[in-house]
Amino acid sequence: MTENVSIENLKQKALAELAALMTEEALEAWRVAYLGKKSDLNTILRGLANLPVEERKSVGAGANVVREELETALKTREHAINEESLKAVSGIDISLPGRPWLSGKLHPVTRIVNEISDIFSSLGFSVIEGPEVELDRYNFDALNIPKEHPARDTMQTFWVDQADASGDRHILLRTHTSPMQVRFMEKYKEPPIRIVVPGRVFRYEATDASHMPMFHQIEGLMVDRNVSLADLKGTLFEFARRFFGPDRRVRFRCDFFPFVEPGVEMAIECAVCKGAGCRLCGDTGWLEILGAGMVHPKVLEGVGIDPQTYTGFAFGIGVERLPMLRYGIDDIRLFYANDLRFLRQF
Ligand code: 2NL
């Protein structure tokens, strides 16, 4: 009985002292005094064995309860002191809720460029980038588009320099990424060549739901002995299968581009109507996604590759069209309006 009374006194005294402590050092001294090896509480617990059996139980239980209470009170006080001192030192109220952690992500067009690059990379193509400011020699002449060729007019060009003495300009914003493919062939000459060139391209055009003066292209090129239209079809078919899934049918038709002969366009079955015809595909059942063809012999000759020995295929994909088809986006301007409510969805 006397032991229980003194334990209760001990507890009251310890708690009263604890409430006034302000430093970690003081807390440690308090811990040693009330919970340490030489504390009264510990002495009582160690002396239990000497007590008569009937007292041993109640004294032991009482002492243990008090020990736990004191330990809990110590932790609580420790926590309170830490908060107080943090607040005092830094002026930071650590009890305030945290600020939301904003994580950025890649632009949907960048993601599609990466996805397409990865597919061709796994098919053995290297991914190469080139300059956005180009020479007309690489953007036009080397691609079998001489001065006065009508294709120069259809590629509305942003010229960078002033006209020279003969009225010509030579520096421009590239209208496609082919110039880098020309540079690559010119530099490495020795086939096999397998590259894709993604990047921004520029056309001097009025903006509407399907046109922007800046958009993205990814062009591909393969040159080697015995490359044929069958290789072109096999490669692009595999690309379509991986990008759009195994169930979409693919269509090749003739088309014309000055830098290829023959030229083709590839279309995939419309995702919405599965070929029946609807608004998205203009009632044709098909969506055109790229142009391609066998590299024109004049282009190979121009970079010093013998077209008698080597042949090649090339293709150009307009990148923005693909996420528009995949996600049902009906206005290309949405990609470049910097509206995070739109961009965050992808
Ligand atoms: C389109 C059509 C195409 C190419 C790009 C190419 C590049 C070299 C030589 C020959 Cl270096 N061809 N590129 C060929 C055919 C079509 O793009 O409408 N793209 C959006």
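The values are calculated or read from the model by the stated rules, or taken from the named source; none is laboratory data. Note that the structure is predicted; figures quoted are calculated from it, not measured. Neighbour counts are summed over all protein chains in view; Cβ atoms, including those assigned to glycine, are modelled from backbone coordinates with ideal geometry.
Things to note:
- Identity of the residue in segment 169-221, of a type in the set (A, V, I, L, M) and either touching a His at 6+ places or on another chain (Cβ under 9 Å) or farther than 25 Å from Ser122 by Cα (or both), that ends up surrounded by the fewest Cβ atoms within 10 Å (Cβ to Cβ): Ala206
- Residue tally, condition within 38 Å of the chain's Cα centre (by Cα) and either surrounded by fewer than 16 Cβ atoms within 10 Å (Cβ to Cβ) or on the phi > 0 side of the Ramachandran plot (or both), over segment 293-308: 1
- Verdict on Leu35 being under 23 Å from Ile7 (Cβ atoms) and in contact (Cβ under 8 Å) with a residue 40 or more places away in the chain: no
- Among the residues listed as Glu190, Glu186, the single one being modelled with pLDDT under 95 and in the same structural domain as Glu134 (by TED's automatic domain parsing): Glu190
- Residue match in segment 272-283 (condition: within 16 Å of the ligand (Cβ to nearest atom) and loosely packed, with under 15 Cβ neighbours inside 10 Å): no
- Filtered residues of segment 225-262 (kept if out of contact with any Ser or Thr (no Cβ under 6 Å at 6 or more places or on another chain), surrounded by 15 or more Cβ atoms within 10 Å (Cβ to Cβ) and outside any helix (DSSP H, G or I)): Arg248, Val250, Arg251, Phe252, Asp255, Phe257, Pro258, Phe259, Val260, Glu261
- Residues (surrounded by 12 or more Cβ atoms within 10 Å (Cβ to Cβ) and farther than 24 Å from Ile81 by Cα) located in segment 22-45: Asp40, Leu41, Asn42, Ile44, Leu45
- In segment 50-83, residue farthest from Lys13 (Cα to Cα) [restricted to those that are acidic (Asp, Glu) and free of Cβ contacts under 8 Å to residues at least 24 places away in the same chain]: Glu54
- Among the conditions (1) outside any loop (DSSP other than H, G, I, E, B); (2) without any contact (Cβ under 8 Å) to a residue 24 or more places away in the chain, Ala276 misses just one, which is (1).
- The C-beta contact set for segment 179-198 (first residue at positive phi, second residue among the aliphatic types (A, V, I, L, M), distance under 9 angstrom, 6+ apart or interchain) comprises Lys189/Val303; Lys189/Ile305.
- Positions within segment 329-346 being in contact (Cβ under 8 Å) with a residue 12 or more places away in the chain and more than 20 Å from Asn114 (Cβ to Cβ), in sequence order: Asp330, Asp331, Arg333
- Index of the failed condition, Arg242 passing every other in (1) modelled with pLDDT of 95 or more; (2) over 28 Å from Phe140 (Cα atoms); (3) within 15 Å of the ligand (Cβ to nearest atom): (3)
- Scanning segment 84-136 for residues being touching a helix residue (DSSP H, G or I) at 6+ places or on another chain (Cβ under 8 Å), touching a residue at least 60 places away in the same chain (Cβ under 8 Å) and β-branched (Val, Ile, Thr) gives a total of 6.
- Flag for Glu288 being closer than 21 Å to Val127 by Cα, within 14 Å of the ligand (Cβ to nearest atom), within 30 Å of the chain's Cα centre (by Cα) and surrounded by 15 or more Cβ atoms within 10 Å (Cβ to Cβ): no
- Evaluated against (1) exposed (fewer than 15 other Cβ atoms within 10 Å of the Cβ); (2) more than 33 Å from the chain's Cα centre (by Cα), Ile145 falls short on exactly one condition, (1).
- Selection status of Arg152, basic (Lys, Arg) and not in a helix (DSSP H, G or I): no
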